[in-house]
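*Asks:* Here you go, one structure.
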């Protein structure tokens, strides 16, 4: 499929790479161009996704009052459950003729959950069978130092993965697992995410071959 025909588009990258900003700008471009679109993200705002968000920000407590932090295998299953339900909404919007723009998807699960060496990319792929498959994934490549600087400027609660050691491993996982992801979930275009917001947006539009 030529990229110009892509209707389900995913933005991926490290925490701080700018995926949320670029997803919003891509939807705004759709609106200006007269194309109906659905902007979404993972974890979702549905109950399973909301629970994941509490885990990611250290807000969930165990029965003894300590921080509840399940392993990456449990996180992978939670993400897969949220994603499978999310896929029904994605499919409905695509059937209605809309573009779907998603901030994070399966590639994130592959890169983040394999922080635990006992969790394989093949296992992540297996538990996500049946989810909607993107037409194109746009990966924003940003060095860890820049991601950390951007994250330090954000307001709100810090997420559990936002540390240099973890981001370094996640970055390696993204690079290593790219061929496995493309084999199951379609093509990936890598873009330099260090440029200005508008320049990155222009590169996204160019990658999509849109007018």
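*Asks:* Test of understanding: what is the full-extension gain from residue 57 to residue 133, defined as 0.36 nm times their sequence separation minus their Cα-Cα distance?
*Replies:* Contour length minus Cα-Cα distance gives 24.6 nm.
*Asks:* If you don't mind, there's one more thing I want to ask. On C-alpha positions alone, give me the angle between the axis of helix 164-185 and the longest principal axis of the chain, in degrees, nearest 10.
*Replies:* On a 0 to 90 degree scale, this one is about 50.
*Asks:* Efficiency by 1/(1 + (r/R0)^6): what FRET value for residue 28 and residue 89, r their Cβ-Cβ distance, R0 = 30 Å, to the nearest 0.05?
*Replies:* 0.90
*Asks:* Suppose a student asked you for the relative contact order of the chain, using Cα pairs under 8 Å spaced at least 6 residues apart; what percent would you report?
*Replies:* 33
*Asks:* Using only C-alpha atoms and all pairs of different ones, pull out the Kirkwood radius for the stretch 1-64 in Å with one decimal.
*Replies:* Here the Kirkwood hydrodynamic radius works out to 14.2 Å.
*Asks:* Here is a further query. Multiply the residue gap between residue 151 and residue 50 by 0.36 nm, knock off their C-alpha separation, and tell me the result in nm, one decimal place.
*Replies:* The residue 151-residue 50 span can extend by a further 34.3 nm.
*Asks:* Give the separation of the Cα centroids, the stretch 1-31 to the stretch 65-95, in Å.
*Replies:* 20
*Asks:* How far is helix 19-32 tilted off the main Cα axis of the chain, in degrees rounded to 10, range 0 to 90?
*Replies:* The answer is roughly 30 degrees.
*Asks:* Taking the chain as a Gaussian network, Cα atoms linked when under 10 Å apart, which of 40, 169, 20 shows the biggest mean-square fluctuation?
*Replies:* 169
*Asks:* Something else: Could you calculate the FRET efficiency of residue 190 with residue 73 from 1/(1 + (r/R0)^6), where r is the beta carbon distance between them and R0 is 22 Å, rounded to 0.05?
*Replies:* 0.20
*Asks:* Also: Grab the DSSP H runs of the chain that are 4 residues or longer, score each as -39,500 (n - 2.57), total them, divide by all residues and round the 222 nm result to the nearest 500 deg cm²/dmol.
*Replies:* Computed mean residue ellipticity for the chain: -16000 deg cm²/dmol.
*Asks:* Ok, one more. Give me the angle, in degrees from 0 to 90, between the Cα long axis of helix 72-95 and the longest principal axis of the Cα atoms of the chain, rounded to the nearest 10.
*Replies:* Roughly 20 degrees between the two axes.
Each value in this text was obtained by applying a stated rule to the coordinates, not by laboratory testing. Only a predicted model underlies this, so the values are computations on that prediction, with no experimental measurement involved. As a convention, Cβ positions derive from the backbone with ideal geometry for all residues, glycine included, and neighbour counts pool all protein chains shown.
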